[in-house]
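Below: one structure, written as structure tokens.
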Amino acid sequence: MSLRSPWFRRKPMTEPAPHAGYFALHDRFDDDYGEDERDDSVLRPRHRAGGATGDRFDDWDRRLDSLDAPSGKGWLGRPRRWWIVRGIAAMLALFMLITAWLAVTAPLSKSLQPIAAPQLTLLASDGTPIARNGAVIDKPVEVAKLPPHVVEAFLAIEDRRFYSHWGVDPRGLARAAWTGYGGGSTITQQLAKFTFLTPEQTLTRKAREMLIAFWLEAWLTKDEILERYLSNTYFGDNIYGLRAASLHYFYRQPERLRPEQAAMLAGLVQAPSRYAPTRHYDRAAKRMGLVVASMVDAGYITPAEAQAMRPPRLDVRPAKSLPTGTYFADWALPQGRRLAEAGYGGQTLTTTLDSRLQAIARRVTARVPGNAQLALVAMRPNGEVVAMIGGKDYARSPFNRATQARRQPGSTFKLFVWLAALREGMTPGDRIDNSAITTGGYQPKNAGGNYSDSITLEDAFARSSNVAAVRLLKTVGSEKVIATARDLGVRSPLAEGDPSLALGTSTMTLLELTSAYAGVAGNSFPVVPRAFATPEKGWLARAWDWTNQESLSRRTHGDMERMMRAAINRGTGRAASLSVANFGKTGTTQDNRDALFVGYAGDLVVGVWVGNDDNTPLAGVSGGTVPARIWRDFMVQALGRGAARPAPVPDQRDDPGTPVEPMDVPGPADIPSAEFPIDGQGSRVRIGGEGVTVSTDVEGVPLDLRIDRDGLRVTPGPSPTGQPPPAVPPQ
């Protein structure tokens with residue numbers, strides 16, 4: 001009978017009749033075979049009862065039969081060999097699975113990276129520091145270059161048997177449980193925990209921690225493990241790594257630490273916030289005594305040397321000032337983290353923020369009445385954000401209403417409705433029904449109750465006719481309006497088939513809405529808002545970008561700008577009118593809960609929102625009032641005397657080390673304008689515009705004396721007739 005295969009079960013087969021005996025595979029088994037018996041004798045060898053040959057055949061019969069025994073010496077009807085082979089295969093498969101899991105979830109390269117985000121300094125485009133954020137981390141240490149007492153201090157209190165165990169120390173666990181100090185986890189386990197795992201306290205996490213510890217021990221040397229541990233562990237005060245800690249607390253490199261300084265630093269690892277010597281020096285000194293006692297117990301120092309150690313004096317140098325934060329910086333930091341190179345040490349990145357424009361934005365938004373909040377976003381047509389205001393006061397409310405608040409855009413959404421109509425072949429001169437809607441479940445009203453039999457698309461857009469917008473949405477189709485919004489970069493949910501969509505009832509952020517208008521301004525969309533300048537690309541990358549960008553036909557783009565300009569020059573946005581070409585749209589939601597104005601002029605696209613955080617109505621504020629005036633004031637100061645200034649090109653600079661200017665804190669220029677008399681002869685003082693003007697009369701000649709950052713200027717004042725004299729250029 002043939003042996004069964006150890007890997008496959010075959011169908012049972014009928015056993016052949018038993019053979020008369022077993023035959024040898026060689027020429028001769030013993031002397032019983034004769035030369036003349038090679039024909040039949042080979043197939044049927046003679047057995048002698050009780051002979052040696054017969055005993056050998058019987059012994060082989062018993063051995064072979066035992067291999068196929070169905071039970072008795074096997075398990076569940078399987079022979080031992082079947083289970084042994086499969087058990088070994090299962091263990092090999094499990095080993096390979098664990099190795100693959102560790103390679104993916106615990107790559108050795110990750111232990112070389114800092115566990116906290118290093119400090120990142122953001123600069124405005126002119127090099128002004130605007131924010132610093134992140135942990136203080138310095139370059140890694142090398143064990144071979146550290147004094148022995150530095151390494152011994154950490155080993156004594158954290159892991160005495162570090163150089164003799166394989167990642168997990170049962171004796172250390174027992175000693176920690178018995179004495180209450182010394183640390184239950186090895187240094188390797190701690191490295192695995194803060195590098196690869198979360199701080200949750202569960203048996204599953206502890207098992208993973210031990211498994212990763214064995215993995216690290218198998219692939220790294222003991223010195224490499226210790227170096228990565230010392231370079232990443234937390235020491236309090238937002239300090240990570242031994243080098244940064246020694247510089248922070250004692251202002252010296254770790255290679256020059258004295259024994260008492262090393263002992264104090266080693267004591268901080270267990271509870272950095274609790275033992276930080278800058279705030280709890282007594283606790284740190286007491287913990288240092290425990291480290292010194294552990295060093296004596298481990299044989300690293302003598303009792304006499306321990307007695308001579310005294311708590312060291314701190315040498316904490318004044319650090320660079322850190323900001324509490326800014327609206328722009330909070331939005332830009334995640335982008336900066338993605339751009340920054342991974343590694344130790346701080347980095348500096350230059351943003352697109354324009355310090356001059358940010359100061360203007362801060363000034364013009366300071367006049368919002370009452371408790372209403374506001375937001376302002378200014379960007380270039382390519383998406384580079386140059387100014388951002390996310391609220392009245394960052395210190396009181398860091399919630400960014402420009403990037404985080406999702407509010408209804410109101411009639412500013414009509415841009416997408418009218419643009420969809422133009423893409424379908426309609427023109428600004430086409431007429432649409434402007435009478436009141438009196439049937440159906442949705443019956444919107446026009447502001448002021450102004451209706452007519454029909455109205456052109458241009459006039460309907462300029463006057464922000466609600467009934468015309470709803471009818472135009474129905475004519476074009478909500479799916480095409482939504483498709484137009486998507487093309488321009490809107491990603492917020494939009495309700496298909498809802499007639500109120502035409503009036504901007506679907507929420508989105510001000511940044512998202514302004515970016516869509518930027519796509520129209522530059523006739524290239526979608527526009528992705530960004531805080532950092534895009535590096536120069538090669539021709540292949542530019543060709544790829546060109547294939548992913550869309551644009552409007554010259555006719556469609558011109559018609560849309562014609563209607564947006566009509567909205568400012570003779571429509572609801574007249575308060576935003578400029579002396580240069582300007583394009584925009586007002587927006588006011590139901591019950592005046594949100595008021596917006598979004599538009600562009602020159603090379604700036606600006607969106608302004610005013611509203612209450614609790615969504616209560618605004619008292620007498622609409623998109624054509626406060627937001628439009630804020631937009632105009634910003635544009636007038638940003639563009640100068642009718643001409644757009646060239647945008648400064650951000651470049652990479654080193655951190656100048658000067659104090660941070662948060663850009664969201666009101667300055668002296670934000671003092672409200674005021675005017676009052678100073679004598680009984682008609683002389684007056686005007687305060688505002690970053691200066692003081694004194695208007696007086698000298699021997700019948702009216703003069704204005706202006707004092708500002710440029711010094712003192714004397715110009716002719718208004719004549720008694722009220723007609724201003726010709727302007728005199730400043731000297």
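The values are calculated or read from the model by the stated rules, or taken from the named source; none is laboratory data. Remember, predicted model here, so these are calculated numbers, not experimental data. For neighbour counting, all protein chains shown are included, and Cβ atoms are generated from backbone atoms with ideal geometry for every residue, glycine included.
Here ARG208 does not fit the description of being of a type in the set (Lys, Arg), at pLDDT 95 or above and either in the same structural domain as ALA285 (by TED's automatic domain parsing) or touching a helix residue (DSSP H, G or I) at 6+ places or on another chain (Cβ under 6 Å) (or both). Going by what's in this entry, would VAL580 be described as at pLDDT below 95, in contact with a Gly (Cβ under 7 Å, 6 or more places away or on another chain) and either under 18 Å from GLY504 (Cβ atoms) or part of a loop (DSSP other than H, G, I, E, B) (or both)? It is true that VAL580 is at pLDDT below 95, in contact with a Gly (Cβ under 7 Å, 6 or more places away or on another chain) and either under 18 Å from GLY504 (Cβ atoms) or part of a loop (DSSP other than H, G, I, E, B) (or both). Considering only the range 425-433, I want to know if a residue exists there that is without any contact (Cβ under 8 Å) to a residue 40 or more places away in the chain, loosely packed, with under 15 Cβ neighbours inside 10 Å, farther than 30 Å from ASP614 by Cα and in contact with a Lys or Arg (Cβ under 7 Å, 6 or more places away or on another chain). No.
For the range 414-430, a tally of residues being under 34 Å from the mean Cα position of the chain (by Cα) and either more than 26 Å from THR589 (Cα to Cα) or of a type in the set (Gly, Ala, Ser) (or both) returns 0.
The rows are residues; the columns are (1) more than 28 Å from the chain's Cα centre (by Cα); (2) outside the structural domain of ILE437 (by TED's automatic domain parsing); (3) at pLDDT 95 or above.
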| residue | (1), (2), (3) |
| --- | --- |
| GLU458 | yes, no, yes |
| LEU472 | yes, no, yes |
| VAL476 | yes, no, yes |
| LYS480 | yes, no, yes |
| LEU494 | no, no, yes |
| LEU503 | yes, no, yes |
| TYR517 | no, no, yes |
| GLU536 | no, no, no |
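Being in the same structural domain as ALA595 (by TED's automatic domain parsing), small (Gly, Ala, Ser), over 23 Å from the mean Cα position of the chain (by Cα) and outside any loop (DSSP other than H, G, I, E, B) holds for only one residue in ALA366, ALA375, ALA387, and it is ALA366. Take the residues in the range 622-641 that are of a type in the set (Lys, Arg) and surrounded by fewer than 24 Cβ atoms within 10 Å (Cβ to Cβ); name whichever of them is farthest from ASP591 (Cα to Cα). Applying the filter and picking the extreme gives ARG641.
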